[in-house]
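Below is one structure; the comments refer to it alone.
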Amino acid sequence: MKHIFVVNPAAGNGAGLTDILPKIHKALTGFEEDYEIHRTLSEQETILYCRQKCAFEGDVRFYACGGDGTVNNVLSGIAGHPNAQLAVVPCGTGNDFVRNFTGKENFLQIEKQIHGSVIPIDVLKWSGGYALNMFNIGVDCDVVAEAAAMKSDRLKGTAAYVAAALKVLRKGKTYRMAWTVEDHPEQEGELMLAAIANGHFCGGGFRSCPDAELNDGYMDVCIVHPVRGVKLPIMLARYRKGTHLQGKDADRYIEYIHCKKFKLRALEPVRISVDGEVLDFRDTEFEILPEALQFVLPEGSACL
C-alpha cells in the first residue's frame, strides 16, 4: 500500500507545516512502505491530484493534513475509488469531524494513524459533490462565515464560533425554505437553520445532530424553527451541548429526522456550509451513501 500525506500549508495559520510536517518526517524515518508528501496548492488541485493517484496507484491511503475543508477536498478526489482509504490529521481551526471519535489526540499521532484500523463509514452526497461531516444552511452557515471573518491570534477555535454565534443571533435573521423528506409532500416555512449531518458536530464543537451515527446508513436532519426572546440564549446553550432535543418545549422549535434522502429549496438568498466551506445555495437533494468510505481509525480511538 502507498501512503500519501496531503498537507495543506495554510491550515490552522500554518500549523500544517510548522507542527504536522516535522511529525510526518519523524514517523517516516526508516518507514519501509512506499510514501509521498504532497503540499496542496488549491481546492481543485487537491481534488485532481487525489483522483489521479487513485486511478494510477494500487491500494493507497490518503492522510488529509488540514482542517475540515482539506478533508472534504481529499474525500471529493477519492470518492468512488474502492482502492482508497482516508485518514484525518486535524490541524485546522474547527476540526469538527474528529470530534465524532474518542481519543482525539490520537489523530495527531502519525504512528497511530499508520497502524490504525480501517472501518467503513457513510458519505453524504449532494449536487455539488460530497461531504463527510455536515451541511449547514441558514444561521449555522452565517456563524461559520462570521467566525472566519473574526479569527485572529487572540480569538480562534471554539471561542471564535461562540462569539460569531452571539453576533449573528442578535440580528434575528430567519430564512424561508421548502423541504421534502423522502417521498413525503413538500413543506414550507420560516427557518433559523437546517443541518444535514453524518456526524454530530459543527462550528467548532456545536453538537447540532447528537443522534447521528457514521455508519447507520441514514443522515440526520435537524431543522430549527424561529426562536426569539429569552428562549434564544437558552436554545443556543442547548444547541451547543447537544441537549436541544430534550425538554418539554423541544418539539415546538425542533424537527429531527432520520432519512436517506432530503430535498431543500431556498425561497430567498441563503448560503450553505459544506464541511465548513461556505457557498451560495439554491436547492438540491441530499442523499446518504452507506459505508461508501474506508476510514482509518487511529490506534486507541473509537466512534462515539
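The values are calculated or read from the model by the stated rules, or taken from the named source; none is laboratory data. The structure presented is a predicted model; accordingly, all values stated were derived computationally and were not measured. With ideal geometry, Cβ positions are generated from the backbone for all residues, glycine too; neighbour counts draw on all protein chains shown.
Residues considered: VAL162, VAL144, VAL98, VAL168. Of these, the only one that is assigned to a helix (DSSP H, G or I), in the same structural domain as ILE254 (by TED's automatic domain parsing), among the β-branched types (Val, Ile, Thr) and without any contact (Cβ under 8 Å) to a residue 60 or more places away in the chain is VAL168.
Exactly one residue out of ARG271, ARG265, ARG282 is assigned to a strand (DSSP E or B), within 19 Å of LEU191 (Cβ to Cβ) and in contact with a Leu (Cβ under 9 Å, 6 or more places away or on another chain), and it is ARG271.
Confirm whether ALA84 is touching a Cys at 6+ places or on another chain (Cβ under 6 Å) and either in contact (Cβ under 8 Å) with a residue 24 or more places away in the chain or assigned by TED's automatic domain parsing to the domain that holds ASP211 (or both). Yes: the conditions hold for ALA84. Criterion applied to GLY205, GLY199 was being farther than 18 Å from ILE272 by Cβ and not assigned by TED's automatic domain parsing to the domain that holds ARG99, and the one residue passing it is GLY205. Checked against (1) among the acidic types (Asp, Glu); (2) more than 19 Å from the chain's Cα centre (by Cα); (3) assigned to a strand (DSSP E or B), ASP251 meets all criteria but (3). The one condition from (1) of a type in the set (Ser, Thr, Tyr); (2) surrounded by 23 or more Cβ atoms within 10 Å (Cβ to Cβ); (3) within 16 Å of VAL6 (Cβ to Cβ) that THR93 does not meet is (3). Would you check if there is a residue in region 46-55 being touching a residue at least 60 places away in the same chain (Cβ under 8 Å) and either not assigned by TED's automatic domain parsing to the domain that holds VAL278 or not in a loop (DSSP other than H, G, I, E, B) (or both)? No, every residue in region 46-55 fails to be touching a residue at least 60 places away in the same chain (Cβ under 8 Å) and either not assigned by TED's automatic domain parsing to the domain that holds VAL278 or not in a loop (DSSP other than H, G, I, E, B) (or both).
The condition of being of a type in the set (D, E, K, R) and at pLDDT 95 or above holds for only one of LYS156, LYS112, LYS151, that being LYS112. Residues in region 171-196 that are hydrophobic (A, V, I, L, M, F, W, C) and touching a residue at least 60 places away in the same chain (Cβ under 8 Å): MET177, ALA178, TRP179, VAL181, ALA194, ALA195, ILE196. With the requirement that a residue be in a strand (DSSP E or B) and surrounded by 17 or more Cβ atoms within 10 Å (Cβ to Cβ), what does region 186-201 give you? Passing the criteria: LEU191, LEU193, ALA194, ALA195, ILE196, ALA197. Inspection of region 47-57 finds no residue satisfying the criterion of being surrounded by fewer than 17 Cβ atoms within 10 Å (Cβ to Cβ) and of a type in the set (Ser, Thr, Tyr). Return yes when ALA178 is touching a helix residue (DSSP H, G or I) at 6+ places or on another chain (Cβ under 8 Å), at pLDDT 95 or above and either part of a strand (DSSP E or B) or charged (D, E, K, R) (or both) and no when it is not. So ALA178 fails the test.
The listed residues are GLY77, GLY14, and the only one of them that is at pLDDT below 95 and either crowded, with 22+ Cβ neighbours inside 10 Å or over 18 Å from the mean Cα position of the chain (by Cα) (or both) turns out to be GLY14. Counting only residues that are over 28 Å from the mean Cα position of the chain (by Cα) and at negative phi, region 29-55 holds 5 of them. Counting the residues of region 202-235 that are surrounded by fewer than 24 Cβ atoms within 10 Å (Cβ to Cβ), over 22 Å from VAL98 (Cα atoms) and among the aliphatic types (A, V, I, L, M) gives 6.
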